1. Please go through region 26-57 and give me each residue that is open to solvent by less than 60 Å² (accessible area, probe 1.4 Å), modelled with pLDDT under 70 and part of a strand (DSSP E or B), ordered by number.
2. Please enumerate the residues belonging to region 80-102 that are more than 14 Å from the chain's Cα centre (by Cα), outside any loop (DSSP other than H, G, I, E, B) and either loosely packed, with under 11 Cβ neighbours inside 10 Å or of a type in the set (D, E, K, R) (or both).
3. Take region 64-79 and flag every residue that is of a type in the set (A, V, I, L, M) and buried (at least 18 other Cβ atoms within 10 Å of the Cβ).
4. Restricting the first residue to region 48-69 and requiring it to be free of Cβ contacts under 8 Å to residues at least 60 places away in the same chain, which pairs with a second residue that is open to solvent by 30 Å² or more (accessible area, probe 1.4 Å) and among the hydroxyl-bearing types (S, T, Y) meet a Cβ separation below 7 Å and a spacing of at least six or different chains?
Amino acid sequence: MNQKVRIVIAEDHTILREGLRSLLSSEPEFRDRRGGRRRPRSYQVCEKFRPDLILTDLSMPRMNGMEAIKEIKRQSPKTKVLVLTVHKAEEYILATFRAGANGYLLKDSTHAEL
């Protein structure tokens, strides 16, 4: 049996976080590691559980998204970071990849795209 992909969802909006958790729970290959609402908590979870993937927004309380990505990658270099955001500007996209993100997806994307 294949090992499930361990995911942390770092999203400060409860309804979005719960919606993502619900969408991903329908996919048998994913296992949610209970991500938090705040960045520091999310990368603490990263340190503890070493997730395979973190879904994160750029605009969250307490820490700039680029700083959070760098910290996640520093603590757990093998963890993939997928940014899920409303920011469409090229400057955000480029800065996100420079910070170490592995992917960038807009919040108006479909379930299939996710």
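1. Result: D32, single match.
2. E90, E91, R98 - these are the residues of region 80-102 that are more than 14 Å from the chain's Cα centre (by Cα), outside any loop (DSSP other than H, G, I, E, B) and either loosely packed, with under 11 Cβ neighbours inside 10 Å or of a type in the set (D, E, K, R) (or both).
3. Matches in region 64-79: A68, I69, I72.
4. L58/Y92; G65/S59; A68/Y43
The values are calculated or read from the model by the stated rules, or taken from the named source; none is laboratory data. For clarity, every value in this text was computed on a predicted model and none was experimentally measured. Neighbour counts are summed over all protein chains in view; Cβ atoms, including those assigned to glycine, are modelled from backbone coordinates with ideal geometry. When the accessible area is computed, the model is the full protein with side chains, heavy atoms only, and any ligands, DNA or RNA have been set aside. Shrake-Rupley method; radii C 1.70, N 1.55, O 1.52, S 1.80 Å.
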